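Asks: This is the structure I have questions about; it appears just below.
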Amino acid sequence: MPDSDRTLLTVEGLRVGFRVPGGRIEAVRGVDFTLAAGECLAIVGESGSGKSVTARALVGLAGTGASVGADRLELDGLDLRGIGDRQWREVRGGRIGLVLQDALSSLDPLRTIGAEIGETLQNHGGGTRAERRARAVDLLRQVHLPDPEIRVGWHSHELSGGQRQRALIAASMAADPPVLIADEPTTALDVTVQAQILDLLAAKKDAGTALLLISHDLAVVARLADRIAVMHGGRFVEQGEARDILVDPAHPYTRTLLTAVPTTRPRGTRLSLTPIAGPPPGPDGCTYAASCPLAADSCRTGPIVPVLREPGHAVLCPRTDEPWPAPPPPLANRAAPAETTGEDDEPATVIEVTGVTKSYGGPPAVLEASLRLRAGRTLGVVGESGSGKSTLALLVLGLLEPDAGTIEVLGRPWSARPERERRALRGRIQLVPQDPLAAFDPRYRVGRIIAEALGVPGAWAARRDRRIAGLLERVGLDPSLAGRHPRQLSGGQRQRVAIARALASEPEVLVCDEAVSALDVSVQAQILDLFVDLQRELGLALLFISHDLGVVHHISDDVVVMRSAEIVERGPVERVFQSPEHPYTKALLTALPSPEDVLDDPGPVARPT
Amino acid sequence: MPATLRWLGRRLILAAFVVFGAATAAFAAMNLMPGDPVLTILGSTNPTPALIAQVRSDLGYDEPFAVRYAEFLGRLVHGDLGQSYQLREPVTEVITGQLLPTAELALTAFVLALAVAAVLAVTTAGRRPAVRRVVSALELLTTSSPGFWIGILLLTFLSFRIHLFPAAGGDGVNGLVLPAITLALGMTGVFSQVLRAGLERALEEPYALTARARGTGETAVRTRHALRHALIPVLTLSGWALGTLLSGAVVVETVFGRRGIGRVMATAVIGRDVPTVTGVVIVSAVFFTLINILVDGLYRVIDPRLRQEKA
């Protein structure tokens, strides 16, 4: 049935600019691609690369103040340039479906999912109210939502993350558009749910839908994409067959992205490269020149001409034949993975959690958890949302009291103590949060944020300022940033400030709760490297909590796997990842996407339940 | 719906406390005011001491404060608000007779204000800055203008000049138009500013973008999706708004010579008619709490997330 090889979407020289106070931002600066029925093109890039703007421009929703221009912009013979509002409304939902990230806010929280699906139907053909409802049930069944007859009347907050995403996909596909654009469709989801949604999209593709997949994650698209376009600074810096891009990347940015994915790297190697310092690139220059290890002066001045590496594999870089710099030497012996011969050889225990249970009134959030963290080591805690990871972090930080069980910190009792007795020890166990912006007072400048944690009285201002500068340098920031507000910093810089603040009281233990989860993969790589460096230099013990198996694998010595409040598996990280014992750990590892998936038979990985 | 019933029960018990508090405050205020109510009632007749003592004993003012308070509460529980000094009839009858015209006026004004505000907000939210600014300035002007002044202006032009509407009285729809407009004008500006801010916030949300990506037209995105979200803060305001309308009714009913609770209240305060004032305060308190329960109930209708009981 799929009329494949029929080109549905042709885009040439797409440009999108935004008017902003005092100038213009070119978000998309000349992008070319085609998309055929039954084909999947993935656009991969980090935040600000212009990938979402590209997707939205295709449905005429680039945003207020946007000006869209193109040499060609055709949807199955229809020239999209300059069509009126009425025609756009027929295209949207009718001929191009759009699925956005984060279904919780993309479904109207005040309306039932049946009403949301019905709206698409009403806009494109319609039928009576009863017919639309019956069709909505049908569509929900097609996306494998359990009990569709009942759930059609539910609101988005009553569904789980994966169910919500299924409902959103059903609403976008209700009018059978031949083209589906999915913008980060799995980003907020747990890894097993992510695999199910990817399978669902793969089934749509196999049924003949042309799929444009937008993602920041090369590993996610590996499973689905036929072709990949890597976007940076509003341009496709590399475009080609998925296999070519993932196995034989040519552009320095693509190569950095692939190196930065923690899953694929053996432990103990660095994820990030130090760029060669140089002046910022000019308007025609390569946007990646500022971070590129191969950048030459000609890259910064431009113009850059696309190079055809092989048929269908274009690279926007003149220096692909330059030798790639050797990765920095693997990190020297991190706390030796002491094979336990006797308790005496082990470093001292800094956190000892014994049989801790905590409930918020309902079923327990943490059930009889026990773990031990030793000085200078990293214990990874991995699990999906709702598994009790964050509750465990709060218990260890002494911000929640356990219902049962005990916690000891640095050999001293920690739980069930009056706060007055705990306060003296508080400085020695510190938190690095997921969202530093939310954890900083928005009115404070960076210097004050750190000074607060130093607790040095005002008379020592000179010494305090030296300490702040020292801490900022330690986390790889310019001390002059002390005068900035956190809002003026990038995500990576903010996370470094959060780490500097945590280090201010010279702690022995850092509790990192999803500390790199909100970051772009190349920034995440730098922060992970920073953690490793700090651990080596300061002998820190890390309790590293994450849903990301790759990150946990990369940074941990030992790992515990949590599921529904319980620790289901524990052990040295290599043992757990190479020969998992618990079926849940096995399921997690199977569902984990990896760039190498492109080499596998693209069969379904997880069956929806 | 046991959660909703439990919620309603809790709210009704709380409401009873609020009404009790209002009754006590009104009673205390009227009794603690300087001046002797008995002398005020007797007025300029230059009464004899015997007459004064007689009236004082009739009204129960010879009893100590605590006893009078207890008696007042006792009557209140039985729904008796006492006898009006001025009108010489039961306060309950005075109030019930005048309640309907005022309710009619306040509700008409409220609906009018909300409807006009919704139209203004939906048509101007996030649209051309020039239009938006002009409308916004007009709203500010009407909200800041005193109601009696607007009422007099309306009377001057629409009644005395072109005889479109009656200047006073007129219990039908005709007589309702000018007072309702006068009362609604101030409210419209507030509602439409709040609605517009809410709409502009909602239109930036991902669900609005998703709705557009389904091929939904701009008007439908505004009315079907964004407006419901924008109505939530207006709902919060409407409890306050109905109270304001009630006190606005005092002025408007006087300017337009309409019957109503507002006028009863105005005359009673001037005449130190203690039972009437206290009675109006208690009835208003009952209305207020009921409206607030209704408002909170409407939240749960508009926003399904509130129907779940908090953990």
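Asks: Considering the convex hull of the alpha carbon atoms of region A:441-505, report its projected area averaged over all viewing directions, in nm², one decimal.
Replies: Across all orientations, region A:441-505 yields a mean hull projection of 3.9 nm².
Asks: Please give the peptides A:501-509, A:462-470 ranked by average Cβ packing (other Cβ atoms within 10 Å per residue), highest first, as a rough proxy for protection.
Replies: A:501-509, A:462-470
Asks: Compare the peptides B:82-94, B:249-261, A:169-181 by average per-residue count of other Cβ atoms within 10 angstrom and give them in order, highest first.
Replies: A:169-181, B:249-261, B:82-94
Asks: Give me, ordered by chain and number, the residues 5 or more places off A:Ile181 or on other chains with an amide H under 5 Å from its own placed amide H.
Replies: Amide H neighbours of A:Ile181, under 5 Å, 5+ apart: A:Gly97, A:Leu98, A:Val99, A:Leu212.
Asks: In degrees, nearest 10, range 0 to 90: what is the angle between the Cα axis of helix A:191-206 and the longest Cα principal axis of chain A?
Replies: Its long axis makes an angle of about 10 degrees.
Asks: Heavy atoms only, probe 1.4 Å: what % of the accessible area of region B:91-270 goes to carbon and sulfur, would you let me know?
Replies: The computed percentage sits at 71.
Asks: Going toward the positive end of the dipole of region B:46-147, with +1 on Lys and Arg Cβ and -1 on Asp and Glu Cβ, which of B:Ala66, B:Ala125, B:Ala113 do you reach last?
Replies: The residue sitting farthest along the positive end of the dipole is B:Ala125.
Asks: How big is the charge dipole of region A:441-505 about its Cα centre, in debye rounded to the nearest 20, if each Lys and Arg gets +1 on its Cβ and each Asp and Glu gets -1 on its Cβ?
Replies: 60 debye
Asks: Say each of A:Trp324 and A:Glu131 gets a label point 7 Å from the Cα, pointing the same way as Cα to Cβ; how far apart are those two points in nm?
Replies: 5.7 nm
Asks: Going through region A:393-461, which trypsin sites (Lys or Arg not before Pro) have at most 16 other Cβ atoms within 10 Å and a DSSP loop state?
Replies: Sites meeting the loop and neighbour criteria: A:Arg428, A:Arg443.
Asks: Let me ask another. What is the percent carbon and sulfur in the accessible area of chain A, measuring with a 1.4 Å probe over the protein chains and ignoring ligands?
Replies: 50 percent
Asks: What distance in nm separates the simple spin-label points at A:Leu437 and A:Ser480, each placed 7 Å from Cα in the Cβ direction?
Replies: 2.4 nm
Asks: I've got another one for you. Hey, if you drop one equal point scatterer on each alpha-carbon of region A:484-609 and run the Debye formula without solvent, what base-10 log of I(q)/I(0) do you get at q = 0.10, 0.13, 0.17 Å⁻¹?
Replies: Relative scattering, expressed as log10 I(q)/I(0), comes to -0.40, -0.66, -1.01.
Asks: With only Lys, Arg, Asp and Glu charged, each at its Cβ (+1 for the first two, -1 for the last two), find how big the charge dipole of region B:91-270 is about the Cα centre; round to the nearest 20 debye.
Replies: Here region B:91-270 has a charge dipole of around 640 debye.
Asks: Calculate one ³J(HN,Hα) per residue across region B:175-190 by plugging θ = phi - 60° into the Karplus curve 6.51 cos²θ - 1.76 cosθ + 1.60, and present them in order as whole Hz with x for glycine and proline.
Replies: For region B:175-190, the Karplus curve yields x, 8, 4, 5, x, 5, 4, 4, 6, 6, 4, x, 5, 4, x, 4 Hz.
Asks: Can you give me the long-range amide H partners of A:Gly388? Hydrogens built in the peptide plane at 1.01 Å from N, cutoff under 5 Å, separation of 5 or more residues or another chain.
Replies: When sequence neighbours closer than 5 places are left aside, the close amide H contacts are A:Ala565.
Asks: Same structure again: Between B:Gln86 and B:Val286, what FRET efficiency follows from the Cβ-Cβ distance if R0 is 22 Å, with the result rounded to 0.05?
Replies: Computed FRET efficiency for B:Gln86 and B:Val286 comes out at 0.45.
Asks: Apply 1/(1 + (r/R0)^6) to the Cβ-Cβ distance of B:Ala28 and A:Glu368, taking R0 = 45 Å, and write down the FRET efficiency to the nearest 0.05.
Replies: It comes out at approximately 0.15.
Asks: Within 10 Å of each Cβ of A:155-163, how many other protein chain Cβ atoms are there on average?
Replies: 2
Asks: In degrees, nearest 10, range 0 to 90: what is the angle between the Cα axis of helix A:129-142 and the longest Cα principal axis of chain A?
Replies: For helix A:129-142, the angle is close to 60 degrees.
Asks: On to the next question. Which one of A:Ser298, A:Gly126, A:Pro146 has its Cα pushed farthest toward the positive end of the charge dipole of chain A, where Lys and Arg give +1 and Asp and Glu give -1 at the Cβ?
Replies: Looking along the dipole axis, the top candidate is A:Ser298.
Asks: Turning to a different aspect of this structure: Going by a ≥ b ≥ c, the root eigenvalues of the Cα gyration tensor, does chain B fall in the rounded group (a/c under 1.5), the prolate group (a/b larger than b/c) or the oblate group?
Replies: oblate
Asks: When the dipole is taken about the Cα centre of chain A, and only Lys, Arg (+1) and Asp, Glu (-1) are charged at their Cβ, what size is it in debye, to the nearest 20?
Replies: Approximately 2040 debye in magnitude.
Asks: Using only Cα atoms and rounding to the nearest 10 degrees, what angle (0 to 90) does helix A:521-538 make with the longest principal axis of chain A?
Replies: Approximately 10 degrees, to the nearest 10.
Asks: How many angstrom lie between the Cα centre of region B:60-136 and the Cα centre of region B:276-294?
Replies: 7 Å
Asks: Please return the longest stretch of chain A lacking exposed loop sites, where chymotrypsin sites (Phe, Trp or Tyr not before Pro) count only if DSSP places them in a loop and at most 15 other Cβ atoms lie within 10 Å.
Replies: A:1-359
Asks: Something else now. If amide H atoms are built 1.01 Å from N in the plane of the peptide, which residues on other chains or at least 5 residues away come under 5 Å of the amide H of A:Ile351?
Replies: For A:Ile351, whose amide H was placed from the backbone, the distant partners under 5 Å are A:Leu373, A:Leu410.
Asks: So what's Rg/Rh here for chain A, counting alpha carbon atoms and using the Kirkwood radius for Rh?
Replies: 0.98
Asks: Another question, then. Hey, what do the phi angles of region A:410-422 turn into as Karplus ³J(HN,Hα) couplings, whole Hz, using 6.51/-1.76/1.60 and θ = phi - 60°, x for Gly and Pro?
Replies: 6, x, 10, x, 10, 7, 6, 10, x, 4, 4, 6, 6
Asks: Ok, one more. Considering only lysines 8 or more places apart in sequence, or on different chains, count the pairs in the protein assembly as shown whose C-alpha atoms sit under 26 Å apart.
Replies: Value for the protein assembly as shown: 6.
Asks: Another question, if that's okay. With a Förster radius of 41 Å, plug the Cβ-Cβ distance of A:Glu90 and B:Tyr299 into 1/(1 + (r/R0)^6) and report the FRET value to the nearest 0.05.
Replies: The computed FRET efficiency comes out at 0.65.
Asks: Would you kindly derive the ³J(HN,Hα) couplings of region A:373-382 from the backbone phi angles with the Karplus curve 6.51 cos²θ - 1.76 cosθ + 1.60 (θ = phi - 60°), listing them in order in whole Hz, with x for Gly and Pro?
Replies: 10, 9, 4, x, 10, 10, 10, x, 10, 10
The values are calculated or read from the model by the stated rules, or taken from the named source; none is laboratory data. Just so we're clear, the structure is a prediction, and the values are computed from it rather than from any experiment. For neighbour counting, all protein chains shown are included, and Cβ atoms are generated from backbone atoms with ideal geometry for every residue, glycine included. Quick note on the areas: whole protein, heavy atoms, side chains included, nothing else; ligands and nucleic acids left out. Shrake-Rupley method; radii C 1.70, N 1.55, O 1.52, S 1.80 Å.
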